[in-house]
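The values are calculated or read from the model by the stated rules, or taken from the named source; none is laboratory data. Treat the numbers as computed from the prediction; the structure is a model and nothing was measured. Note that we place each Cβ from the backbone using ideal geometry, even for glycine, and neighbour counts take in every protein chain shown.
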Amino acid sequence: MKKFNQALLLWVLASVGYADDKQDVMAYLDRNASEYATTARQIWDYAELGYLETQSSALLQSRLAGADFEVTSGVAGIPTAFVASYGQGEPVIAILAEFDALPGITQTASPHRELIEGKAGGHACGHHLFGTGSTAAALAVRHWMENNSVKGTIRLYGTPAEEGGSGKVYMVRAGLFDDVDTVVHWHPSDSNAANPASSLANKSARFKFKGLSAHASTAPHRGRSALDGVEAFNYMTNLMREHIPQETRIHYVITQGGKAPNVVPDLAEVYYYVRHPESKTLLDIWDRVVQAANAAAMGTGTTVQVEIMHGNHPVLPNVALAELMHGNLERVGGYRYSDDEQAFAETISKTFNLEKSRIGEQEQVAPMRMVQGRGSTDVGDVSWVVPTVGLRTATWVPGTPGHSWQAIAAGGTSIGAKGMQVAAKTLALTMMDLLNQPDLIEAASEEFDERRGPGFKYESLLGDRAPPLDYRLH
């Protein structure tokens, strides 16, 4: 790892020669901050679910096309996926942009719980900020490249359906990253950090049981309950929890269980997620889960169909790139709340049930450390085909859990916009370094090859299934 740790020194040397350029790029982002905040708020309002993000995708594409990016939409067989390129030749530096919302949770931009009636979902993971912040960074780097005749290509990937849809996996599988040198990305959070972090591999499926309907009172012996199949399956899976590695996560929801108690249900469905830090172990556990489903069907006189919905590899960390990005995040720094933002933060922080308020952490940058995350992301698949690095910034009030109404609320305010600016600046400065210093890419590539190991061949956890474009319509 010695050579990989030289990346920080290379970054320092690279930065000295164009410090004024970096200041200019950050000033460019500051001048356009209100425009980016407006764009993010529009996508926050749209709150479109995975593979249905028509307006959100179109809005980001229009911003990029208006700045002379060459935009190709509908890539990888996904109508809302796109690739936007500027420049020519090598190196090719990619940046990821997400924009899908989560179903079943809504909230106004208020520090008090206020649902929005009639809305299907909300940006409880902050992807409206993710997509907009990445777009802002790409526009800023394009500004620098044009003004300084910088060679190379920047490429923004509009990636739909991160939440359970694995949009990036289909883009990887289609070969869209094959000529990319490095990938940068970010994610909304409640703190500022650029760590070499991994995640959990994840695989999901809908288990659809079919039985035989009958009157539940006058002829129960003639029925075979699909719901019995689901419940027997869940029971066996819950017993399995004692006998699997403790790092494993298994969770499910019953999405269909019948409509009336006096009708033996002939159709029932349960939707499963299984996670583990290593893909191989995940697949072993997954096989056991599928066996339990088949056994449940056999024991209840039903049948079961397994529809794979998504699958993500864990993120492959890259210390060389993380050191580079961490250095830039420290240069950008955190941000302070205005009086109104402080009042908002104090009000919403009271809903967290924390022993001590964490307000103030948005002003700080956490020390860099290796992290094993407990979430999952389709960025993982990208990271196994291209050296990849990411960061998190405080777009939410410190202490906010992801996928919560509090995250939606802060993400719709200036707090979210300020955290997004921190991300956009850090991403832009990192992309500038990679375009300006080939040795940084070389160090990252050497570490990447060593971590993957000899003879590595990428295979998706999805097999050859097509993108589930209707998965949020069920």
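Go through (1) in a helix (DSSP H, G or I); (2) under 30 Å from S279 (Cα atoms); (3) basic (K, R) one by one and return the number of the condition K418 breaks.
Of the numbered conditions (1) in a helix (DSSP H, G or I); (2) under 30 Å from S279 (Cα atoms); (3) basic (K, R), the odd one out for K418 is (2).
Suppose we filter V180, V230, V150 for residues that are among the β-branched types (V, I, T), touching a helix residue (DSSP H, G or I) at 6+ places or on another chain (Cβ under 7 Å) and modelled with pLDDT of 95 or more; which single one remains?
V150
Mind listing just one residue for me: the one in the stretch 268-311 that is polar (S, T, N, Q) and in a strand (DSSP E or B) and, of those, farthest from the chain's Cα centre (by Cα)?
Per the stated criteria, the residue is T303.
What's the number of the only condition in (1) buried (at least 17 other Cβ atoms within 10 Å of the Cβ); (2) assigned to a loop (DSSP other than H, G, I, E, B); (3) under 34 Å from the mean Cα position of the chain (by Cα) that P265 fails to meet?
Tallying (1) buried (at least 17 other Cβ atoms within 10 Å of the Cβ); (2) assigned to a loop (DSSP other than H, G, I, E, B); (3) under 34 Å from the mean Cα position of the chain (by Cα), P265 fails exactly one: (3).
Just checking, which of S110, S73 is of a type outside the set (V, I, T), over 19 Å from A47 (Cα atoms) and more than 13 Å from the chain's Cα centre (by Cα)?
S73
Out of the residues in the stretch 121-178 that are of a type in the set (D, E, K, R), within 30 Å of A27 (Cβ to Cβ) and touching a residue at least 40 places away in the same chain (Cβ under 8 Å), state the one that is surrounded by the most Cβ atoms within 10 Å (Cβ to Cβ).
That would be R142.
With the checklist (1) assigned to a helix (DSSP H, G or I); (2) among the small types (G, A, S); (3) buried (at least 24 other Cβ atoms within 10 Å of the Cβ) in hand, flag the one item S445 doesn't pass.
Of everything listed in (1) assigned to a helix (DSSP H, G or I); (2) among the small types (G, A, S); (3) buried (at least 24 other Cβ atoms within 10 Å of the Cβ), S445 misses just condition (3).
Here are the criteria: (1) without any contact (Cβ under 8 Å) to a residue 24 or more places away in the chain; (2) assigned by TED's automatic domain parsing to the domain that holds P188. Tell me which single one D464 does not satisfy.
All conditions are met except number (2).
Which residue is surrounded by the fewest Cβ atoms within 10 Å (Cβ to Cβ), if the candidates are limited to the stretch 41-59 and must be aliphatic (A, V, I, L, M) and within 17 Å of K168 (Cα to Cα)?
L49
What's the number of the only condition in (1) assigned to a helix (DSSP H, G or I); (2) within 28 Å of V389 (Cα to Cα) that M236 fails to meet?
(2)
Can you say whether A33 is surrounded by fewer than 20 Cβ atoms within 10 Å (Cβ to Cβ), at pLDDT 95 or above and farther than 16 Å from Y157 by Cβ, as far as the supplied structure shows?
yes
Only one of these is in contact with a strand residue (DSSP E or B) (Cβ under 9 Å, 6 or more places away or on another chain) and either of a type in the set (K, R) or farther than 13 Å from S189 by Cα (or both): W405, W396, W384. Name it.
W405
Which residue out of A161, A226, A205 is among the small types (G, A, S) and in the same structural domain as A394 (by TED's automatic domain parsing)?
That would be A161, the only listed residue that is among the small types (G, A, S) and in the same structural domain as A394 (by TED's automatic domain parsing).
Please state which one of Q421, Q372 is within 16 Å of the chain's Cα centre (by Cα) and of a type in the set (S, T, N, Q).
Only one candidate qualifies: Q372.
Considering only the stretch 327-372, how many residues are without any contact (Cβ under 8 Å) to a residue 12 or more places away in the chain and surrounded by 12 or more Cβ atoms within 10 Å (Cβ to Cβ)?
Qualifying residue count, the stretch 327-372: 1.
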